[in-house]
Amino acid sequence: MASRALVAVTLLVAAGCRPEDVIHSFSWFSAMVTQRSIKPYAMPRDPVEGTVPVTGLEPVVDLSTADRLVNPRTRTSESINRGKFVYETYCLVCHGEAGHGDGPISSAAGGPFFGVRSVVTDTVARRSDGYLYGVIANAQTVGRPLMPRYGDKVRGVDRWDLVNYVRTLQALARSGVGR
Ligand code: HEC
């Protein structure tokens, strides 16, 4: 039996099939790729109960604390350029290049995502830097539940650089550029 399998494999390989594909078609060859393990992204693995974060927890930013946050990043071109990069990576798909809420996946542009707001209206321009930071960290906790959470993707000073870039978009909208 085994020798027949060997002949079959040899013939298939000789016929130009890739050896690894041939081996996988015979169940008695155990290949590590087919093992009974949980594949990456197949199932979320929660930390073991009682796990303590070693990097500390982030304080929740809500409407009562947001306005007290102080932007530590000066609006230098370095900060704004970094913010632009982060905006184009994470925000543009919904909010659009100029911030009007018309990015490719927003319903305003025929996409599937409803409720996307403009980030360049006068109302948003009057909001504090801390509010914008709060939306980026977790829109839920500052009363914008329709926006997914980005605090796990945009971290550290990147959030403030993003705030600085949103300010740039607001200034451009005010001056009539980018409409
Ligand atoms: C998947 C789509 C989506 C992405 C991506 C997204 N947002 Fe939003 N955003 C929304 C929606 C929807 C709302 C309105 C939420 C609500 O009203 O509950 C919103 C609201 C906002 C607001 C509040 C506007 C107001 O009127 O108060 C700001 C500011 C904002 N987003 C900034 C950002 C930034 C910065 C990023 C990039 C990290 C981002 N958003 C990424 C969908 C998105």
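Some observations on this one:
- Nearest 10 degrees, 0 to 90: helix 2-14 Cα axis against the chain principal axis: 60
- Label-point separation, Arg174 to Asp67 (7 Å along Cα→Cβ), nm: 1.9
- Dimensionless Rg ratio for the chain, taking C-alpha atoms and the 2.2 N^0.38 Å reference: 1.62
- Degrees between helix 77-86 axis and first principal axis of the chain (Cα, 0 to 90, nearest 10): 50
- Rounded to the nearest 20 debye, dipole of the stretch 66-174 from Cβ charges on Lys, Arg, Asp, Glu: 260
Quick note: the coordinates plus some simple rules give every number you see, no bench work behind them. Given the structure is predicted, the values throughout are model-derived calculations rather than measurements. Note that we place each Cβ from the backbone using ideal geometry, even for glycine, and neighbour counts take in every protein chain shown.
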